[in-house]
Amino acid sequence: QVQLVESGGGLVQAGGSLRLSCAASGSTIIMGWYRQAPGKQHELVATFSSGGITNYADSVKGRFTISRDNTKNTVYVQMNSLKPEDTAVYYCNARNADSYWGRGTQVTVSS
């Protein structure tokens, strides 16, 4: 069982930046972030595999950067040029043979 601890959410004005962190209690193959806005479906933000392959949602490309520290089993997402439509609960996900989810952290972008 892998436990995930997320941090870094908050309130920011449009155009601002936030950095989310997610630390896993064990080794994982893929780590990433998903989000869910009120009334919308759960969606991919970005993922980072242990082999260094990244994947981004089109809506965040060029604004968000995912990174990973394998020595710390931690994944980060640097979110720049935030927009009100980025407002959501952001969930960390980690996968090896199973899939694990964090509790979520709120990101609110005011206009």
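The values are calculated or read from the model by the stated rules, or taken from the named source; none is laboratory data. The shown structure was predicted, so the numbers you read here are calculated from the model rather than taken from an experiment. Positions of Cβ are backbone-derived with ideal geometry, glycine not excepted, and every protein chain shown enters the neighbour counts.
Within the range 14-31, being closer than 12 Å to residue 96 by Cα and surrounded by 20 or more Cβ atoms within 10 Å (Cβ to Cβ) holds for 24, 28, 31. For the range 68-111, filtered to residues that are over 12 Å from the mean Cα position of the chain (by Cα) and hydroxyl-bearing (Ser, Thr, Tyr), the residue that is modelled with the lowest pLDDT is 71.
Could we say that residue 8 is small (Gly, Ala, Ser), surrounded by 14 or more Cβ atoms within 10 Å (Cβ to Cβ) and on the phi > 0 side of the Ramachandran plot here?
yes
Can you confirm whether the range 84-106 contains a residue that is without any contact (Cβ under 8 Å) to a residue 12 or more places away in the chain and touching a Phe, Trp or Tyr at 6+ places or on another chain (Cβ under 9 Å)? Within the range 84-106, none of the residues are without any contact (Cβ under 8 Å) to a residue 12 or more places away in the chain and touching a Phe, Trp or Tyr at 6+ places or on another chain (Cβ under 9 Å). Considering only residues that are assigned to a strand (DSSP E or B), polar (S, T, N, Q) and surrounded by fewer than 18 Cβ atoms within 10 Å (Cβ to Cβ), which ones fall in the range 89-111? The answer is 99, 106, 108, 110. Counting only strands (runs of 3 or more DSSP E) wholly contained in the range 1-82, the ones carrying 3 or more residues that are free of Cβ contacts under 8 Å to residues at least 24 places away in the same chain occupy 43-49, 54-56, 64-69. Just the residues that are at pLDDT 95 or above and within 16 Å of the chain's Cα centre (by Cα), please, taken from the range 13-29. Within the range 13-29, 17, 18, 19, 20, 21, 22, 23, 24 meet the criteria. Here residue 59 qualifies as more than 20 Å from residue 4 (Cα to Cα) and over 12 Å from the mean Cα position of the chain (by Cα). What are the residues in the range 69-88 that are of a type outside the set (Ser, Thr, Tyr) and surrounded by fewer than 18 Cβ atoms within 10 Å (Cβ to Cβ), if any? Of everything in the range 69-88, those that are of a type outside the set (Ser, Thr, Tyr) and surrounded by fewer than 18 Cβ atoms within 10 Å (Cβ to Cβ) turn out to be 69, 70, 72, 78, 80, 83, 84, 85.
Among the residues making up the range 44-60, a single one is surrounded by fewer than 13 Cβ atoms within 10 Å (Cβ to Cβ), of a type outside the set (Gly, Ala, Ser) and touching a strand residue (DSSP E or B) at 6+ places or on another chain (Cβ under 9 Å): 53.
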